[in-house]
1. Please work out if A:Gln139 is more than 13 Å from chain B (Cβ to nearest Cβ), out of contact with any Phe, Trp or Tyr (no Cβ under 6 Å at 6 or more places or on another chain), within 25 Å of B:Ser97 (Cβ to Cβ) and not hydroxyl-bearing (Ser, Thr, Tyr).
2. So, of the residues in the range B:1-36 that are among the small types (Gly, Ala, Ser) and surrounded by fewer than 13 Cβ atoms within 10 Å (Cβ to Cβ), which turns out to be nearest to the other protein chains (Cβ to nearest Cβ)?
3. Any chance you could count how many residues in the range A:50-92 are polar (S, T, N, Q) and either facing another protein chain (nearest Cβ under 7 Å) or assigned to a helix (DSSP H, G or I) (or both)?
4. Tell me which residues, restricted to the range A:245-287, are farther than 19 Å from A:Ile205 by Cβ and in a helix (DSSP H, G or I).
5. Determine which single condition B:Ser109 fails, assuming it passes every other condition in (1) among the polar types (S, T, N, Q); (2) touching a strand residue (DSSP E or B) at 6+ places or on another chain (Cβ under 6 Å); (3) closer than 18 Å to B:Gly192 by Cα.
6. Of the numbered conditions (1) modelled with pLDDT of 70 or more; (2) surrounded by 13 or more Cβ atoms within 10 Å (Cβ to Cβ), B:Arg250 satisfies every one except a single condition; which is it?
7. Filter the range A:146-158 for residues that are buried (at least 20 other Cβ atoms within 10 Å of the Cβ) and under 19 Å from A:Ile195 (Cα atoms); which is farthest from the chain's Cα centre (by Cα)?
8. Taking the stated definitions as given, is B:Ser97 among the small types (Gly, Ala, Ser), surrounded by fewer than 22 Cβ atoms within 10 Å (Cβ to Cβ) and either over 30 Å from B:Leu207 (Cα atoms) or touching a residue at least 24 places away in the same chain (Cβ under 8 Å) (or both)?
Amino acid sequence: MTSLVSAHGVSKNYGNVRAVDNVSFEIEKGKIMGLIGPNGAGKTTLLKAVLGLTDCEGELSVLGLDPFRQRKELMQNICFIADVAVLPRWIRVSQLLDFVDSTHPNFSREKAESLLDKTNVSARRDSRVRELSKGMVTQLHLSIIAAVDAKLLILDEPTLGLDIIFRKEFYSNLLSDYFDEERTILVTTHQVEEIENILTDVMFINEGRVILDETMDSLSASYVELMTSGEHADNARKMGPIAERDIFGKSVMLFERPDRDRLGEFGELHTPSIADLFVAKIKGAAA
Amino acid sequence: MIANQIALIRREFWEHRSIWVTPAAVAVVVSLVSLAALVTVSAFDREVHLAIFSAANLAGDAERQAALTMYFLATSWIFLVSLAILTIFYSLDSLYSERKDKSILFWRSMPITDSETVVSKLLTAVLMLPLVTVAVIMATHFINLIVSSIWIAIQGGDAGHIVWGSVALFDNWTAALLFTLASALWMSPFIGWFLFVSAFTKRAPLLMAFMPLILIPIIEWLFFRSKIFLEAVLDRGDLNPLLRGVDFERLFDEDKLKVNEEAIRLLAQLDIGDFIVSPSLWAGFVVCGLFTTAAIYVRRFRDES
């Protein structure tokens, strides 16, 4: 497997604040990596470093390039949508297509037009971005991005502020129009539950450090949730859960690489959701 | 590279419609004032316009040409004033608005370098704005000459002779083009400074751009009792080497009450050679280059978070 993104000991300081602290990870081709972390965890800083928007310490290679120093070459093969990288409000839909068409060597105008035809923006080619709803702007942005033959797509809170229908549509369009085994996606979002079904890999980041980096398959093998109560709960607790919470009078405990057969004797076993695992990991890191 | 520049400059025209709306608005005002002048003259006694026609008919070619050239200058200077104001606002807005509306990260997600983007804004300010303004000056001049011809024809005058036989279109228009472009090049250090302020400031670009121009001379005077900075700035406004040859007294020979024929040609007033070899011009380019480089640096290295 080839690594599209390779980070070794990457750090970034803002004054005295260490936003990213000695982070190392690899992202391989054809993966959909979810980068999950609380606000201020360093997600956006890390993405900026990957996009060459900010310099950093350590070794960082994206598509074999130094992102900060070879940004133009990089941008031919990377696309990103970020809630902070908004489309200019004054531009018309048709002008935006003209501009990307004339500056981006890997952009297919035909593909963008046909993707747009399937959206609410279809009849609004002469409208300015400011006249479109937020949902339409996201559809427009995704249509443009999906029409770029890019190797890596970076999404930073792409569905922030959208209603549930647009959010669902966004991710289903992402999979149908953009993703294939030649392409790779790195996505951050707070709405973890909406993307956990599409991820192949997940990485948790907190206070600038990576606290978990696993494939989704190994995650379900490594972590297990037990629902139990009463005496069983006391016995299970002796096996060292990494987190525990109460639901309807029952105890729900989360274990890392437990003896499943033994644990199964105490109650029902489930694969934990990413959100629950995330909360457990963050609390565990804080404890 | 060139394809990107064309796309980027076209983008500037989309975003800043004032590039053509401003000269177009001035054109409407100038044309209306010209028309009002014709109407006003028509309202006077028949003797007045007869006097105008007989004067126009009796005057020599040189006088008629001088009168039409004066008319061209009188209607054109206001475009240059509006161009100066437009250039200031355009340059100050060019790298500021993309940060204010947060679209900068979208633009930076395209495979375009920061240098290409900033250079496209410099080229727009130094070349495209003057070119658009000159094109509108020419169009306005042409339209107003046609309107004047119609008026003269209605009054029974010979427009072909009075207007079209006398107007020095090539001279007037070429001089307008050269003067406008040369003025923009001459003022390029200010344009570079405005681009830098636009890339750099977090708020109030207009204030940030002009405050140092006022504060530095005051501080310099208080501490050093010198006026080097102030004089350098004022000289830039004053001493365009292109116009060094202009001598308004040569235009009209008072003793003979006659227009001086070789002096009424606008092109003859402009000293292109002197302008191009002027060290001040090239010093200005260096200053413009330094500020533009600084603007590129700021856009490239500043972290927007």
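1. yes
2. The first filter runs over the range B:1-36 and keeps only residues among the small types (Gly, Ala, Ser), leaving B:3, B:7, B:18, B:24-25, B:27, B:31, B:34, B:36.
Then drop every residue that is not surrounded by fewer than 13 Cβ atoms within 10 Å (Cβ to Cβ), which leaves B:3, B:36.
Working: B:Ala3: 6, B:Ala36: 35 Å.
Filtering first and then ranking leaves B:Ala3.
3. Step one: of the range A:50-92, the residues polar (S, T, N, Q) are A:54, A:61, A:70, A:76-77.
Then drop every residue that is not either facing another protein chain (nearest Cβ under 7 Å) or assigned to a helix (DSSP H, G or I) (or both), which leaves A:54, A:76.
The qualifying residues number 2.
4. A:Arg260, A:Asp261, A:Arg262, A:Leu263, A:Gly264
5. Against the list (1) among the polar types (S, T, N, Q); (2) touching a strand residue (DSSP E or B) at 6+ places or on another chain (Cβ under 6 Å); (3) closer than 18 Å to B:Gly192 by Cα, B:Ser109 comes up short only on (3).
6. If we test B:Arg250 against (1) modelled with pLDDT of 70 or more; (2) surrounded by 13 or more Cβ atoms within 10 Å (Cβ to Cβ), just (1) comes out false.
7. Filtering the range A:146-158 for residues buried (at least 20 other Cβ atoms within 10 Å of the Cβ) gives A:146-148, A:150, A:152-156, A:158.
Imposing the further condition that a residue be under 19 Å from A:Ile195 (Cα atoms) reduces the set to A:146, A:152-156, A:158.
Values: A:Ala146: 17, A:Leu152: 12, A:Leu153: 10, A:Ile154: 8, A:Leu155: 6, A:Asp156: 7, A:Pro158: 9 Å.
That would be A:Ala146.
8. On the way: among the small types (Gly, Ala, Ser): yes; surrounded by fewer than 22 Cβ atoms within 10 Å (Cβ to Cβ): yes; either over 30 Å from B:Leu207 (Cα atoms) or touching a residue at least 24 places away in the same chain (Cβ under 8 Å) (or both): yes.
Against the criterion (among the small types (Gly, Ala, Ser), surrounded by fewer than 22 Cβ atoms within 10 Å (Cβ to Cβ) and either over 30 Å from B:Leu207 (Cα atoms) or touching a residue at least 24 places away in the same chain (Cβ under 8 Å) (or both)), B:Ser97 qualifies.
The values are calculated or read from the model by the stated rules, or taken from the named source; none is laboratory data. Nothing here was measured: the structure is a model prediction, and the numbers come from that model. Please note: Cβ atoms are built from the backbone with ideal geometry, for glycine as well, and neighbour counts cover all protein chains shown.
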